[in-house]
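Here's the structure, in structure tokens; my notes come after.
What follows draws every value from the coordinates through simple rules; no lab data is involved. These numbers come from a predicted model, not from an experiment. Methodologically, a virtual Cβ is constructed for each residue, glycine included, from the backbone with ideal geometry; neighbour enumeration extends over all protein chains shown.
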């Protein structure tokens, strides 16, 4: 008879429901069915209640309890200031419960769930149950883009981009060239509808890196990638954004390539500045014709976290990945590829701490809980 670990079961089920609710919130179903707005929030709240129960029944060291309490207090303060309860507080509750959770199993669960949910939305869209949102064109060029059943044009491509890189991480050396080809073609297929450049570029880059690793098994210098990539990514994104003020030809060209991201980021620096625990910001995520409201969304994950949730939150993420980079969990080239691609993507895209996109953010829970899984997962992908 198989013995079920109740603590882990609670976590996995709660995680599934949180990802499900957050995913549905980004689809046209949330606009089509009014009750889903409150229902998805209730689902998240109940999942968090169960996670709190899990924490209570688990055994913890005094050091872990102190770290967890500090994380929850700071997360509560940030959430109160920013009204970010459904992002920061949910993330914090998940993180402090990571002690006995195997991240590989969690990522596999995420891959299966996102695959099913994306297929469900694709079928719903294809048979006409849901359709396009009102606005579906590029804010700069005016070229028509399709939302494909989601409530923003980039969501489908970004989900599949993350699905791609986490699938590559889980399969490692065991992945077949046919699988790599299918992943590349599907990313390109979605790009043709959504015109989401970063998603397809970084997906293809990740696939190329995996092909190179399969052929050459190159691992020199990966420790530097694991430890410093988040710091370097944040620094470069911040520096390029700040340099926009000097209006040089090179920076202006980079800004055009990045669809105005440097411009909006620099406006954010001027308007919001740096705070310790964040601030409440009303983001305008679409161009609204004949309106005084102007698009102001900042896509860079690093800048978005800093403006939204404060420098403390940003440093926690960067330092957390640095600590992970020093541990045995990172002695895996496919982990290095994963972190490198997430870092590059996060420089000018906002999904870094969004659990429905990036389950690897829960690796930071190993730092808080001193989980034994942090030191027991090296070399798995190289089998």
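Take the alpha carbon atoms of the chain, find their radius of gyration, then divide it by 2.2 N^0.38 Å using N residues; give the quotient.
Relative to the rule-of-thumb radius for its length, the chain sits at 0.97.
Going by average Cβ neighbours within 10 Å, how do the peptides 44-54, 265-275, 344-354 rank, with the highest at the top?
Packing order, densest peptide first, comes out as 344-354, 44-54, 265-275.
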